[in-house]
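Novice: Before I ask anything, here is the structure I am working with.
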Ligand code: BG6
């Protein structure tokens, strides 16, 4: 058997894309609550009020004017408000996950549900909501895997503090961690601090008004310090905690054997390695310090930050893998295609999803090998999947053979990485195991789940859950511990 006996098969979601109940049970507003829906061709927008009181919008990855406040405009549609309503369906959904045989379930906790303003005021109803979810999982023997922060921040911290650009937010985050660590210390073992930390760069995700590199890297420093403090604190609360980092891993291949292309790929890959180096090795890599020097970026650090970062290294690396890309210096011949958060270069050897994400199963084995051989700590594939339009047949069935094909090839590559390369892989949680809102486009049409949810891009639908063909297929994969693909 190639997968270890206790391998964590499961699925993954995030609060802002799944929960809904955006004002229920005492929850405060999150930045994501002010981000509109969109589609492949229409970007998601931030709605805000300027200092002068004017309502306006910018693209979700852009800068906001100084002093702008997040704003909910009743004329607009915001997918996070209902999403696919895990808030009211969690028992039904977890029962379906249990039916598939999940060994674990990865979800995130909305900071604003627990600390409505992100400060030190705690909302017991929010804490209880997550305790209910955890208890429901444990009832079926499903191990909860908690992402502490997945792509959002309480709006109050964005409005009043300029989000993670302000050092004070570190203390608030650590308070939030302390609250949940203490509350769930006997029920949750696996934690991850920040989802896709290498993609955190704008108001939407971290509440900062400017998305200039200087602001982005200063905020990243605060995220590193906060994560390191959380790791230390978590271990002191329960030494059995396994606390990981989480990175979006998009390996880039040299487009040709031209040495300049090889170097271009090295430079591309450094963008995610930087975040892993800091959180796993405990220091800023030399190439990043040189880049800061070249680009005139100065990171304001306090005495003791470097020591904190060195001490608070993580126990495992969680990463998302959807696609690979290619690097070249011959930019005139390059075709840019869609991609996860950042545009990717078309690799002529690969096909893409409808959203332009390259399908590359071997890229997952390549990623596992590259990461493991660089860091030598356990790995957890916490996101992987195929976003596609699913058709519901007249009989109400969803025959998603393309998804089964995608997963079986990727799982085979994980198997090879364990069996042939000796990678220490502890688990696999396919993304959006039940249909949820797309983070990139805000659509429902781009679906990832084994379970279909009746909801459309305008927020219309019965929210009825239906098993897709891939449901029974994945159930069999788990039942045979990955032997039958
Ligand atoms: C990852 C995120 O980048 O990719 C998820 O962690 C996201 O939140 C997933 O949903 C898939 O991206 P998208 O844009 O298809 O939802």
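The values are calculated or read from the model by the stated rules, or taken from the named source; none is laboratory data. All values derive from a computational prediction rather than experimental measurement. Heads up, the Cβs are rebuilt from the backbone with ideal geometry, glycines too, and the neighbour counts pull from every protein chain shown.
Novice: Mind listing whichever residues of the range 345-365 are part of a loop (DSSP other than H, G, I, E, B) and closer than 27 Å to residue 285 by Cβ?
Specialist: 347, 360
Novice: Residue check, residue 38 against (1) more than 16 Å from the chain's Cα centre (by Cα); (2) over 19 Å from residue 76 (Cα atoms); (3) within 16 Å of the ligand (Cβ to nearest atom), all met but one. Which one?
Specialist: (2)
Novice: I've got another one for you. When the range 341-364 is examined, which residues are found to be within 14 Å of the ligand (Cβ to nearest atom) and in contact with a strand residue (DSSP E or B) (Cβ under 6 Å, 6 or more places away or on another chain)?
Specialist: Taking the range 341-364 and keeping what is within 14 Å of the ligand (Cβ to nearest atom), we get 341-344, 352-359.
The answer is 343, 344, 352, 356, 358.
Novice: Next question. Out of 231, 262, 280, which single residue is away from the ligand (no atom under 16 Å from the Cβ) and surrounded by fewer than 18 Cβ atoms within 10 Å (Cβ to Cβ)?
Specialist: Numbers: 231 fails: surrounded by fewer than 18 Cβ atoms within 10 Å (Cβ to Cβ); 280 fails: surrounded by fewer than 18 Cβ atoms within 10 Å (Cβ to Cβ).
The match here is 262.
Novice: Taking residue 202 and the conditions (1) buried (at least 21 other Cβ atoms within 10 Å of the Cβ); (2) in contact with a helix residue (DSSP H, G or I) (Cβ under 6 Å, 6 or more places away or on another chain); (3) farther than 20 Å from residue 426 by Cβ, which numbered condition does it fall short on, given that it satisfies the others?
Specialist: Against the list (1) buried (at least 21 other Cβ atoms within 10 Å of the Cβ); (2) in contact with a helix residue (DSSP H, G or I) (Cβ under 6 Å, 6 or more places away or on another chain); (3) farther than 20 Å from residue 426 by Cβ, residue 202 comes up short only on (2).
Novice: Moving on to the next point. Suppose the filter is under 22 Å from the mean Cα position of the chain (by Cα), surrounded by 24 or more Cβ atoms within 10 Å (Cβ to Cβ) and under 18 Å from residue 151 (Cα atoms); does residue 248 pass it?
Specialist: no
Novice: Given the criterion modelled with pLDDT of 95 or more and in a loop (DSSP other than H, G, I, E, B), identify the matching residue among 209, 272, 235.
Specialist: Values: 272 fails: in a loop (DSSP other than H, G, I, E, B); 235 fails: in a loop (DSSP other than H, G, I, E, B).
Of 209, 272, 235, the one residue that is modelled with pLDDT of 95 or more and in a loop (DSSP other than H, G, I, E, B) is 209.
Novice: While we're here: Could we say that residue 302 is away from the ligand (no atom under 16 Å from the Cβ), modelled with pLDDT of 95 or more and either crowded, with 17+ Cβ neighbours inside 10 Å or in a loop (DSSP other than H, G, I, E, B) (or both) here? Walk me through it before giving the result.
Specialist: Numbers: away from the ligand (no atom under 16 Å from the Cβ): yes; modelled with pLDDT of 95 or more: yes; either crowded, with 17+ Cβ neighbours inside 10 Å or in a loop (DSSP other than H, G, I, E, B) (or both): yes.
Yes; evaluated as a whole, the condition is true for this residue.
Novice: Something else now. Would you confirm whether or not the range 209-223 contains a residue that is buried (at least 19 other Cβ atoms within 10 Å of the Cβ), under 19 Å from the mean Cα position of the chain (by Cα) and within 16 Å of the ligand (Cβ to nearest atom)?
Specialist: yes
Novice: Which residue pairs have Cβ atoms under 9 Å apart, sit 6 or more places apart or on different chains, and have a first residue in the range 412-433 that is under 30 Å from residue 90 (Cα atoms) and a second that is modelled with pLDDT under 95 and outside any helix (DSSP H, G or I)?
Specialist: Note: pairs meeting the criteria are 414/2.
Novice: Are there any pairs with C-beta distances below 7 angstrom linking a residue in the range 355-368 that is in contact (Cβ under 8 Å) with a residue 40 or more places away in the chain and closer than 21 Å to residue 273 by Cβ to a residue that is assigned to a helix (DSSP H, G or I) and away from the ligand (no atom under 16 Å from the Cβ), with the two at least 6 apart or on different chains, and if so which?
Specialist: Once the first residue is in contact (Cβ under 8 Å) with a residue 40 or more places away in the chain and closer than 21 Å to residue 273 by Cβ and sits in the range 355-368, its partners that are assigned to a helix (DSSP H, G or I) and away from the ligand (no atom under 16 Å from the Cβ) give 362/413; 364/413; 364/414; 365/413; 365/416; 365/417; 368/414; 368/417.
Novice: Kindly list the number of the only condition in (1) buried (at least 17 other Cβ atoms within 10 Å of the Cβ); (2) touching a helix residue (DSSP H, G or I) at 6+ places or on another chain (Cβ under 7 Å) that fails for residue 91.
Specialist: (1)
Novice: Return the pair list, or none, for Cβ contacts closer than 6 Å from residues in the range 310-339 that are more than 30 Å from residue 230 (Cβ to Cβ) to residues that are within 16 Å of the ligand (Cβ to nearest atom) and part of a strand (DSSP E or B), at least 6 apart or on different chains.
Specialist: From residues that are more than 30 Å from residue 230 (Cβ to Cβ), the pairs are 324/358; 325/344; 337/344; 337/352.
Novice: Being more than 17 Å from residue 318 (Cα to Cα) and in contact with a strand residue (DSSP E or B) (Cβ under 6 Å, 6 or more places away or on another chain) narrows it down to one of 275, 268, 249, 284, so name that one.
Specialist: After applying the criteria, what remains is 268.
Novice: Condition test on residue 368, is it part of a helix (DSSP H, G or I), in contact with a helix residue (DSSP H, G or I) (Cβ under 6 Å, 6 or more places away or on another chain) and within 16 Å of the ligand (Cβ to nearest atom)?
Specialist: no
Novice: While we're on this one: Hey, among 53, 70, 26, 10, which residue is surrounded by fewer than 20 Cβ atoms within 10 Å (Cβ to Cβ) and touching a residue at least 12 places away in the same chain (Cβ under 8 Å)?
Specialist: 26
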